[in-house]
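Okay, so here's the structure we're looking at.
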Amino acid sequence: MTDGWFAGLDPDDEAAAADRIRTGRADAPGDWPTEAVASGFAADEADYYDRLHAAATAATAAAVHERETADDQQLVHAVRAMADCERTANELAERVAEWAGSRYGESGTGVAYARELSARETTDEGDEALRSLADRTAALADEAEDLRAYIERTAPAAAPNLSMLAGPVLAARLISLAGSLESLAKQPSGTVQVLGAEDALFAHLSGGAPSPKHGIIFTHEYVNGTRREERGSAARALAGKLSIAARVDHYSGDRRPELQRELDERIERIRSRGGDEE
């Protein structure tokens, strides 16, 4: 950059100015206001800074939009929405069961019971109100399943290696907990291992609890399906490969089948030997 950040641009083309800010670079400082005035981009120094402010604001807005529409951010929104639907459906199912117990003197639990109630004939206004709530409870549970199916379809495209090792839903949850695929890719494996166990980690750091061995990755069969005394090793092995997978997905996007094979072999060794293998 030798003749100013905005040299050659139409002063009224804010989009082009914003793009210049996002993609341009300079190897050394320069008297950019003077250069802008000399090139005809700005009338004077004050005008230059006004235009610079507008272009920088537009560049920031474009960067935010680009980030929010990225595939990994769509996964973040989807998996959080799925969790909200699941949690709300389960809470409403408890309310439905309690209400039904007061009316019919029977005990039922969960979304399945709400579905049963939503199919019953009603005899009065109270039944209608209860059935309406049961309908909405079942609909929320259905929405959660639809979101799960969406995640399972789209996560492998956004994070192929992470989805291969963790499964699409766990991959999306890890990305959500980290905030983005880029953020997850920059985390050390020890942090990946305890993502989702922040409360337990805080209690440990406060001196009142043991260090957590795993967070959300406990839902993976390689951790919860391993004997208790070996789960720490299994969690470390899984987190290590997930960390590598996230980096490959973010920085290159190449599919690496060997990661799955190496993880399978490591878990097999841990399960066969027992103990806390490093």
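List of remarks:
- Counted as qualifying within region 20-128 are the helices (runs of 4 or more DSSP H) with 1 or more residues that are of a type in the set (Ser, Thr, Tyr) and modelled with pLDDT under 90, namely 32-39, 45-68.
- Total residues in region 24-58, condition closer than 11 Å to Trp5 by Cβ and of a type outside the set (A, V, I, L, M): 10
- Flag if Gly40 is without any contact (Cβ under 8 Å) to a residue 60 or more places away in the chain, on the phi > 0 side of the Ramachandran plot and out of contact with any helix residue (DSSP H, G or I) (no Cβ under 6 Å at 6 or more places or on another chain): yes
- The residue pairs whose first member lies in region 152-180 and is closer than 14 Å to Asp71 by Cα and modelled with pLDDT of 95 or more, whose second member is part of a helix (DSSP H, G or I) and aromatic (Phe, Trp, Tyr), and whose beta carbons are closer than 7 Å, counting only pairs six or more residues apart or on different chains, do not exist in this structure.
- Glu91 being within 28 Å of the chain's Cα centre (by Cα), farther than 24 Å from Lys213 by Cα and surrounded by fewer than 14 Cβ atoms within 10 Å (Cβ to Cβ): yes
- Taking the criterion of being modelled with pLDDT of 95 or more and either over 14 Å from Leu181 (Cβ atoms) or out of contact with any helix residue (DSSP H, G or I) (no Cβ under 6 Å at 6 or more places or on another chain) (or both), the residues of region 236-256 that qualify are Arg236, Ala237, Leu238, Ala239, Gly240, Lys241, Ile244, Arg256.
- Of all the numbered requirements in (1) surrounded by fewer than 16 Cβ atoms within 10 Å (Cβ to Cβ); (2) more than 23 Å from Glu91 (Cα to Cα), Glu128 misses one, and that requirement is (2).
- Taking each residue of region 211-237 that is under 24 Å from Ile175 (Cβ atoms) and assigned by TED's automatic domain parsing to the domain that holds Asp199 and looking for partners that are among the aromatic types (Phe, Trp, Tyr) and in a helix (DSSP H, G or I) with beta-carbon atoms closer than 9 Å, six or more apart or interchain, yields Asn224/Phe218; Arg231/Phe218; Ala234/Tyr222; Ala235/Phe218; Ala235/Tyr222; Ala237/Tyr222.
The values are calculated or read from the model by the stated rules, or taken from the named source; none is laboratory data. If you're wondering where the values come from, they're calculated on a predicted model, not measured in any experiment. Positions of Cβ are generated from backbone atoms using ideal geometry, with glycine treated the same way; all protein chains shown enter the neighbour counts.
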